[in-house]
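A quick write-up on the structure given underneath.
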Amino acid sequence: MVEQETLLLNTKGRGSYNITEDVQQLVASTGIETGLCHVFVMHTSASLMLCENADPAVRQDMETFMANLVCDGDPMFIHCDEGPDDMAAHVRTVLTHSDLTLPVQAGRCALGVWQGIFLWEHRTMGHRRKIIVTMQGD
Amino acid sequence: MVEQETLLLNTKGRGSYNITEDVQQLVASTGIETGLCHVFVMHTSASLMLCENADPAVRQDMETFMANLVCDGDPMFIHCDEGPDDMAAHVRTVLTHSDLTLPVQAGRCALGVWQGIFLWEHRTMGHRRKIIVTMQGD
Amino acid sequence: MVEQETLLLNTKGRGSYNITEDVQQLVASTGIETGLCHVFVMHTSASLMLCENADPAVRQDMETFMANLVCDGDPMFIHCDEGPDDMAAHVRTVLTHSDLTLPVQAGRCALGVWQGIFLWEHRTMGHRRKIIVTMQGD
């Protein structure tokens, strides 16, 4: 069985947004017991992160690390049509993940105790983000 | 239904090569309407990148960023059997993606408007690269 | 056909552990000839790496690179409940891969000659790691 759904998310700018429950509800609604759940972001300046979901400081540190690794407005970047965060957002997306695949077990994504699924908005302004979720299995 | 095909690409050395249309044509040839398309590079010194496909400066900046992050011939590297770009190519591969999975919707990979699929050659010399494309769905 | 199995691995601390044969044996046991094999780590401080598997210096260099990129105990990190390697392990996980999907061809994962599948333990102490392997195909 293959089922495909779309999630829409309005972000408020740079940061990570927990979509774990949205994805789990889609999986539950298909009735698939065993299989895979694929999550895909249709953008080049936002990505996905499977991250510790208990202490919010972890995602704050992740943000700090990434802001240091990929500097907004770095003079080495040529592409800056949409401002200093434009090219940085593309790099951050490539260094992380546009798609994640999760095992479905007993009708749910079999995440570890500390794992949560996050959309990572890399632009400083808010955007409307589209995520396609495809679920395959029995 | 499962269909598997092989793409062969002769690169001309370091840089990114657009394979979006090659992948879309394989998907179209299977007749699969809804499902997933998995793209896999069989090498440890070339990878895949889902990247902005409109302004070529984006991929030029991506190259500049990566060359700064992972320095060819960095003296901290022990493994340099095949020259200064050898170990750098392995690191660049691990930091990006050997495989990508894309949703298939209405008989095509459902990419965002700005998304393109690129093979990223990390060696300075050209290589013959082998990519396996597996498509599953209804 | 969908088959799902669990691999358990006791690591001895930071470093990479070859799980290629474990995964190949699971695939062989299913009898699937053509399809996909999905490998998923249920943790936020260990990840997966598809890496050169011939010269051990490659993985040693990978470790050196990563230790330089993400410094244990970096004062910019707030989250350090479990020691200086705690937040660094989360960052290393996000920069690499929690899941890998591999094509199955002729009853085996169709890896390139130099490719091996490794669990990458990012904590300095040993941990018991759980990996879910899901195989789909005909």
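Bear in mind these aren't lab numbers, they're just calculated from the coordinates by the rules spelled out. Fair warning: this is a prediction, and the values are worked out from it, not measured in the lab. Note: ideal-geometry Cβ built from the backbone for every residue, glycine included; neighbour counts use all protein chains shown.
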Query - Options A:S29, A:S16; residue that is buried (at least 19 other Cβ atoms within 10 Å of the Cβ) and not charged (D, E, K, R) - result: A:S16
Query - Hits in region B:79-131 (condition: part of a strand (DSSP E or B), touching a helix residue (DSSP H, G or I) at 6+ places or on another chain (Cβ under 8 Å) and closer than 17 Å to C:T96 by Cα) - result: B:W120
Query raised in the report: Considering B:D22, B:D61, which residue is outside any strand (DSSP E or B) and in contact with a helix residue (DSSP H, G or I) (Cβ under 7 Å, 6 or more places away or on another chain)?
Result: B:D61
Query - All positions within region B:25-58 that are assigned to a loop (DSSP other than H, G, I, E, B) and over 19 Å from B:K130 (Cα atoms) - result: B:G31, B:I32, B:E33, B:T34, B:N53, B:A54, B:D55
Report summary line: Here the residues within region A:60-82 that are at the interface with chain C (Cβ under 9 Å from one of its Cβ atoms) and not acidic (D, E) are A:Q60, A:M62, A:T64, A:F65, A:M66, A:N68, A:L69
Query raised in the report: Looking only at residues in region A:36-67 that are buried (at least 22 other Cβ atoms within 10 Å of the Cβ) and of a type in the set (G, A, S), which one is nearest to the chain's Cα centre (by Cα)?
Result: A:S47
Query - Of residues in region C:83-138 being of a type in the set (D, E) and over 24 Å from A:L48 (Cβ atoms), the one nearest to the other protein chains (Cβ to nearest Cβ) - result: C:D138
